[in-house]
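**Student:** Structure below; questions to follow.
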Amino acid sequence: MSEAPSISELEAQERRLTLPHFTHDDAWTLGALLVTLARERRAPVAIDIHRGGQQLFHAALPGSTPDNDAWIDRKRRVVERYGCSSYLVGSRFRAKGTTFESSSRLDPDVYAAHGGAFPITVEGAGVIGTVTVSGLPQVEDHALVVEALERFVGA
């Protein structure tokens with residue numbers, strides 16, 4: 001199991017993982033990379049990439065369930081609302097001694113500040129989409145997305 005990153009580490013990840021562009025082909029490449037990483041680990045995850053209101057990539061690997069798709073939607077909405085990773089949002093609430101569910105005033109059936117959704121940020125444009133994984137403990141969902149983005153940026 002991965003170690004929980006600090007708020008400053010989460011913020012640094014987001015600064016570091018800003019992309020020069022993000023196309024439909026980029027979504028396919030990133031999604032396929034996530035599938036490869038998840039298959040290597042036999043991770044029972046669902047993977048989703050959205051840009052704006054359009055789903056550009058989705059995969060459900062063996063062992064994932066429809067619940068993972070519901071978690072994806074809830075985590076993605078947190079990124080769309082707050083402009084940062086779902087794990088960072090939840091961590092900020094925990095650092096204040098509370099929880100997202102009790103203090104955000106948002107419906108927990110619609111929003112989930114659990115790790116696994118990460119903003120797709122493009123230089124000069126800001127957050128233009130999300131990449132989300134669901135099916136592992138939240139720290140591991142988040143770490144898988146970050147690892148894939150690091151490899152994608154390095155490619």
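The values are calculated or read from the model by the stated rules, or taken from the named source; none is laboratory data. This structure is a prediction, so every number in the text was calculated from the model and none was measured. When we count neighbours, we look across all protein chains shown, and the Cβ atoms used for this are built from the backbone with ideal geometry, even at glycine. Quick note on the areas: whole protein, heavy atoms, side chains included, nothing else; ligands and nucleic acids left out. Shrake-Rupley method; radii C 1.70, N 1.55, O 1.52, S 1.80 Å.
**Student:** How high is the FRET efficiency between ILE128 and ARG41 when r is their beta carbon distance and R₀ equals 35 Å, given to the nearest 0.05? Before the final figure, lay out each step's value.
**Tutor:** Values: r = 28 Å, r/R0 = 0.80.
After rounding to 0.05, the efficiency reads 0.80.
**Student:** What helices does the chain have that are whole DSSP H segments, at least 15 Å long along their own axis by Cα, and with mean Kyte-Doolittle hydropathy of 0.0 or more?
**Tutor:** Numbers: long enough: 24-40 (24 Å, 0.23); 66-82 (25 Å, -1.68); 138-154 (24 Å, 0.31).
Helices passing the filter in the chain: 24-40, 138-154.
**Student:** Might you work out the accessible area of ARG39 for me, using a 1.4 Å probe with all protein chains in place, and round it to the nearest 10 Å²?
**Tutor:** 140
**Student:** So what's the back-of-envelope 222 nm ellipticity for the chain, counting only DSSP H runs of four-plus at -39500 (n - 2.57) apiece and dividing by all residues, rounded to 500? Numbers along the way, then the final one.
**Tutor:** Values: 6 runs with 75 residues, N = 155.
After summing the helix terms and dividing by residue count, I get -15000 deg cm²/dmol.
**Student:** Rounded to the nearest 0.05, what FRET efficiency do THR98 and ILE7 give with R0 = 22 Å and r taken as the Cβ-Cβ distance? Could you check? Please list the in-between numbers first.
**Tutor:** Working: r = 14 Å, r/R0 = 0.66.
Working from the Cβ atoms, E equals 0.95.
**Student:** Provide the per-residue ³J(HN,Hα) series for the range 51-63, in order, calculated from phi with Karplus coefficients 6.51, -1.76, 1.60 and θ = phi - 60°, each as a whole number of Hz, with x at glycine and proline positions.
**Tutor:** For the range 51-63, the Karplus-derived couplings read 10, x, x, 10, 7, 9, 7, 8, 9, 10, 8, x, x Hz, x marking Gly and Pro.
**Student:** Rounded to the nearest percent, how much of the accessible area of the chain (1.4 Å probe, protein heavy atoms only) is carbon and sulfur? All intermediate terms of the calculation are to be shown ahead of the outcome.
**Tutor:** Working: 3790 of 7600 Å².
Carbon and sulfur together cover 50 percent of it.
**Student:** Could I ask something else about it? I'd like to know how the chain sits against the 2.2 N^0.38 Å rule of thumb: what's its Cα Rg over that expected value? It would help to have the intermediate numbers written out before the result.
**Tutor:** Values: Rg = 14.2 Å, N = 155, 2.2 N^0.38 = 15.0 Å.
That ratio works out to 0.95.
**Student:** Where both residues lie in the chain, what percent of DSSP beta bridges are antiparallel, nearest 5?
**Tutor:** Numbers: 18 of 20 bridges.
So the antiparallel bridges in the chain amount to around 90 percent.
**Student:** Let me ask another. Compute the accessible area per residue over the chain, keeping the other protein chains in place, probe 1.4 Å, unit Å².
**Tutor:** Details: 7600 Å² over 155 residues.
Heavy-atom accessible area per residue stands at 49 Å².
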